[in-house]
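What follows is one structure encoded as structure tokens, with my remarks underneath.
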Amino acid sequence: MYILENAFNNVLRNKGRNILIGAILFAVIVTAVIALMINTTTSSIIENYKGRFGSEIRLEPNMEKVRDEAMKNSTDGMVRVTVPSIPAENYIAFSESEYLQGSIMTASAGVICDSITSVDAELGGGSGMMMMGGGAGIEASENTPMQFMMSLQGNKLAEFEAGTRELASGEMPDELNECIVSTDLAESNDIQIGDSFTFTGELRDMAEGIVQPTSYTLTVVGTYYDVTDEYAEGSAQNAFTNRRNEIITTYDTVVQEIQSGMNGIKVAATYYLKNPELLDEFAAEVYSKGLPETFDVTTDKATYNKIVGPVEGLKGVAIMFMSVVLVFGGVIIALLASIAIRERKYEIGVLRAMGMKKTKVAFGLWSEMLLITLLCLVAGLGTGRLLAQPVTDALLAGQIEAAEAAQDEQQSNGGMMLRMPQQDTAADAEPLSDIDLSLGLDTMLQIIGIALVLASLAGLISISRITKYEPIKILMERN
Amino acid sequence: MNVLTVNNISYQYEGSKKNVLKGISAGFEAGKVYTLVGKSGSGKSTMLSLISGLDICKNGEILYKDADLRVIDRDKYRARDIGVIFQSYNLLTNVTAVQNIVLSLHISKAPEKDKKSFAYSLLEKVGIDRETADRPVLKLSGGEQQRVGIARAISHNPDMIIADEPTGNLDRDTEAEILKIFINLAHSENKCVIIVTHSKKVSEIADVIYGISDGKIAFHKQLPIEKNS
């Protein structure tokens, strides 16, 4: 007990030296508090997003493979690139995988309707096919794809969840052959809830040249407000691609016309893995169940990177900064402790000559260091907690800026890319720009651990010095 | 019955080939004042280091109550069994006089419950009043520091008091007072007092004088106790 009492008195007595050691410790602890708070919070965010994005699987056509395939199959110099589709039965078969915890299916089909005039009808329609090379002089024939003016979107509810679309009147489609239309389309055509319309489309087998008409008779059960961009970035602008012309219906409604081996109804599915680690196993299973090689089994890495990238950068910066401060702080504390012991050599010699054991002398010095550390810990925790949020905001803003600059540069150097605009959710994703830091028990324990390690490091240096000191030598030197 | 027995000890410092002590033997009893006299470099301070357990001899043996100092816990020996008074005081300079004594009482695990009061009374016994006792050691005069050193040496009631040139830095009056304290400790409190000195005056207060020259006992003189009482 007297050792602790003496240590406490010594801390107060040797103010200059202890303030110097305390200032270094304080700086290290404040940095550790900020860095660990950032690390803990960002780790939890990253894990959360990893779980969400790592589990969310998409089956997307790889447009480069599709184009290569189309070029390989071209016989007349004209390359017809048709977005491939997966038969609905395959989607259902894939959804039965034991690696999944659930799935969301969507379907879309291009259609026309004689009694509805589409928004931007004057721009013409679209086929959903891309024509490359040798296209000049194509004449309309039986093989010319239908020019769709609208699209049926089965179970496409992402915009409603994101808040860019909202039900304006009526109700959401729930039963087979129910639909809702945009308020723009409804107003320009005086569409009322309860009206029924017949939409026609077509299915094609490009290889065999078979064309099969499709027909849907849908009842309007509601209208929706739409504040999405009318056209997806980079897409052709016509009535078919205008989002105000999207007729929202159920998945089952769209796929009821689907026929095996025929293109024209595009089905997409988002599968949710039980665990992100199961991606390869799931991919192997779906390929074995008939997924064409032109499809990729992917997670939404682009969106994940856009949202979480700056947070990961922030975490990296925080950890690196903490490591540097810990190393340098540790070295400085070790040096100061070493100098302090040299300064106190005489005191140690006297105590040893009085019969105090080496272990007790060392414990006394370690206790002094511990007391200084505890004071710095209390002050450092408070200050670090106050500073953590503004520091994080500033660092994160820097990371977002850097990420955006890097993206702009990439885009300006990127050249032409074949993309599927509807599926490019990364473009819409906003990076996390606001992180609420919290100081949890785990973080506090880590900080206490770091502080104790630093105190012990200084203590160890003291102990190693003391074991070398013989009281008679110290006193003889002094005398 | 000897409290401390020195048997044929020799000593040489690390890196030196010269023996500072060459086969010294001596006995020290309770209730007597001993002086080790000799010129500078004769080996008397080395002998003091050895008998105070601050250093160990490789040849010969030093027995405290028949226990070899090389074997026993020397920290405990220094803390409880002996009190050492240094020529340059060797007090803790960053604390007050009384705190020096209190710390010594703690180290020696002295039984007194109110160690501070006991420390004040001890200091008073050696002529340090309460006000002086509460002053930092560095603000005390040489004589006052030496008195604090004596109080610290006797604070834990040791069997032996070993003093190295205890009056070397003091004026005549203070020297006389301090020597009186040593005589009193030996004759009234039955302590074994060993004083290392080269002062003739100090050596004259001894009951037994060991003259050391060139690392050997050159003479051994026993004086009648009545003379010093």
For this session: Determine whether B:Ile85 is surrounded by 15 or more Cβ atoms within 10 Å (Cβ to Cβ), in contact with a helix residue (DSSP H, G or I) (Cβ under 8 Å, 6 or more places away or on another chain) and closer than 30 Å to B:Val137 by Cα.
Result: yes
For this session: Could you run through the stretch A:45-101 and say how many residues are small (Gly, Ala, Ser) and under 30 Å from A:Ile435 (Cα atoms)?
Result: 3
Exercise. Given the residues A:Leu36, A:Leu20, which is the only one that is assigned by TED's automatic domain parsing to the domain that holds A:Ala318, touching a Ser or Thr at 6+ places or on another chain (Cβ under 6 Å) and not in a strand (DSSP E or B)?
Worked result: A:Leu36
Exercise. Just one of A:Ala362, A:Ala302 is among the aliphatic types (A, V, I, L, M), out of contact with any strand residue (DSSP E or B) (no Cβ under 6 Å at 6 or more places or on another chain) and not assigned by TED's automatic domain parsing to the domain that holds A:Ile24; which is it?
Worked result: A:Ala302
Problem set entry | Residue check for A:Ala109: under 30 Å from A:Ile210 (Cβ atoms) and at pLDDT below 75 | no
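Listed here are the residues, each with its yes/no results for (1) under 30 Å from A:Thr270 (Cβ atoms); (2) of a type in the set (A, V, I, L, M); (3) within 14 Å of another protein chain (Cβ to nearest Cβ); (4) surrounded by 14 or more Cβ atoms within 10 Å (Cβ to Cβ).
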position: A:Ile21; (1), (2), (3), (4): no, yes, no, yes
position: A:Val33; (1), (2), (3), (4): no, yes, no, yes
position: A:Glu47; (1), (2), (3), (4): yes, no, no, no
position: A:Ser74; (1), (2), (3), (4): no, no, no, yes
position: A:Ser95; (1), (2), (3), (4): yes, no, no, yes
Seminar exercise, completed: Condition set without any contact (Cβ under 8 Å) to a residue 24 or more places away in the chain and within 14 Å of chain B (Cβ to nearest Cβ), scope the stretch A:352-386, selection farthest from B:Asp81 (Cα to Cα): answer is A:Thr359
Seminar exercise, completed: Requiring at least 2 residues that are more than 40 Å from the chain's Cα centre (by Cα) and of a type in the set (Lys, Arg), the helices (runs of 4 or more DSSP H) wholly within the stretch A:267-366 are A:345-353
For this session: Could you please let me know if B:Ile212 is in contact with a helix residue (DSSP H, G or I) (Cβ under 6 Å, 6 or more places away or on another chain) and over 13 Å from B:Gly31 (Cα atoms)?
Result: yes
Exercise. Can you pull out the helices (runs of 4 or more DSSP H) entirely within the stretch B:57-169 that have at least 2 residues that are under 16 Å from the mean Cα position of the chain (by Cα), in contact (Cβ under 8 Å) with a residue 24 or more places away in the chain and more than 13 Å from chain A (Cβ to nearest Cβ)?
Worked result: B:142-154
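The values are calculated or read from the model by the stated rules, or taken from the named source; none is laboratory data. These figures come from a predicted structure and were not determined experimentally. Quick reminder, even Gly has a Cβ in these numbers, built from the backbone with ideal geometry, and neighbours come from all protein chains shown.
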